[in-house]
1. Give the residue, chosen from Ser178, Ser215, that is surrounded by fewer than 21 Cβ atoms within 10 Å (Cβ to Cβ) and at pLDDT below 95.
2. Got at least one residue in segment 54-64 being in a helix (DSSP H, G or I), aliphatic (A, V, I, L, M) and in contact with a Ser or Thr (Cβ under 6 Å, 6 or more places away or on another chain)?
3. Could you list, in sequence order, all residues of segment 115-140 that are buried (at least 19 other Cβ atoms within 10 Å of the Cβ), among the small types (Gly, Ala, Ser) and under 17 Å from Ser152 (Cβ atoms)?
4. If you scan segment 243-263, which residues turn out to be surrounded by 16 or more Cβ atoms within 10 Å (Cβ to Cβ) and within 11 Å of Pro28 (Cβ to Cβ)?
5. Can you tell me which of (1) at pLDDT below 95; (2) buried (at least 22 other Cβ atoms within 10 Å of the Cβ) is the one Pro156 doesn't meet?
6. In segment 7-25, what count of residues is obtained for those that are among the small types (Gly, Ala, Ser) and either part of a helix (DSSP H, G or I) or without any contact (Cβ under 8 Å) to a residue 40 or more places away in the chain (or both)?
7. Which of the residues spanning segment 33-85 are of a type in the set (S, T, N, Q) and at pLDDT below 95?
Amino acid sequence: MSRIKARFDALKTEGRGALIPYLQAFDPDYETSLELLKAMPAAGADLIEIGVPFSDPSADGPTIQAAALRGLKAGATLGGVLEMVRSFRETDAETPIILMGYLNPIDSYGPAEFCFDAVQAGVDGIIVVDMPTEEADLLDAHARAAGLDIISLVAPTTSRTRLFHVLKDASGFVYYVSITGITGTGSASQAQLEEALPKIREATDLPVAIGFGISTPEQARAASRIGDAAVVASALIKTMAGTLSEGQATSKTLPAVLEQLIALSAAVRA
């Protein structure tokens, strides 16, 4: 059983949804992001999403774009991100890790090699933002052979017919992009989420994680109960960015982000 399925099954037994925090690898540097990654489970992360820095993150708003640029400036590469996961796995063999990024770095790395190396490093799933279902054959066979889940994205604009098409071979969980726009620029109402989720559940039995616009403990609690997980990204990155001095980590960086994560986790677990 994959770590992703095992974690969602365990949380279902507990009767609650998951909290999935996001961090941008190498932001603001390798050491700080690795230290944050290692501290996240104790602060309440049920699964962790790691952003792979990319020079043209078209789905991301200014907050994550800035984080990606800081990561690239710090020397981030796809291989370096896998090394970060490998280091994390030295002390944590249970928390599921999902990489979120874009197709170009994977294509350059080599799809087959990437899927194999990712699983060997300890990655459980990948979200490729700019890879539509019609192009998934670039990775699908290699991912399945390696045991790597490809997480499917759906949105408020996804039609019923399209939902069934996109989710027929989905694995891991479904990522519901809850707004029509880029990350960190708005949020869906509880009523909108309650209307959308039954349509998604009609097309799949997989857990549904709600992301894009989840920033407060109250929103995280609602999303984790209406869906199966809340993804918090830009809000955590904004907190980190606010502690930096000339782009560098300070003594406030890790405590500030972890304090916010603890508050989010408390709301989800309440």
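1. Just a single option satisfies the conditions, and that option is Ser215.
2. Within segment 54-64, one or more residues are in a helix (DSSP H, G or I), aliphatic (A, V, I, L, M) and in contact with a Ser or Thr (Cβ under 6 Å, 6 or more places away or on another chain).
3. If the condition is that a residue be buried (at least 19 other Cβ atoms within 10 Å of the Cβ), among the small types (Gly, Ala, Ser) and under 17 Å from Ser152 (Cβ atoms), then Gly125 is the only one that fits.
4. Thr243, Leu244, Ala249, Thr253
5. Failed condition: (2).
6. Final tally of qualifying residues: 2.
7. The answer is Ser55, Ser58, Thr63, Gln65.
Here is a yes/no grid of residues against (1) in contact (Cβ under 8 Å) with a residue 24 or more places away in the chain; (2) part of a helix (DSSP H, G or I); (3) more than 19 Å from the chain's Cα centre (by Cα):
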| position | (1), (2), (3) |
| --- | --- |
| Ile210 | yes, no, no |
| Ser224 | yes, yes, no |
| Thr239 | no, yes, no |
| Ala263 | yes, yes, no |
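The values are calculated or read from the model by the stated rules, or taken from the named source; none is laboratory data. This structure is a prediction, so every number in the text was calculated from the model and none was measured. Ideal geometry is used to build each Cβ from the backbone, glycine not excepted, and the neighbour counts take in all protein chains shown.
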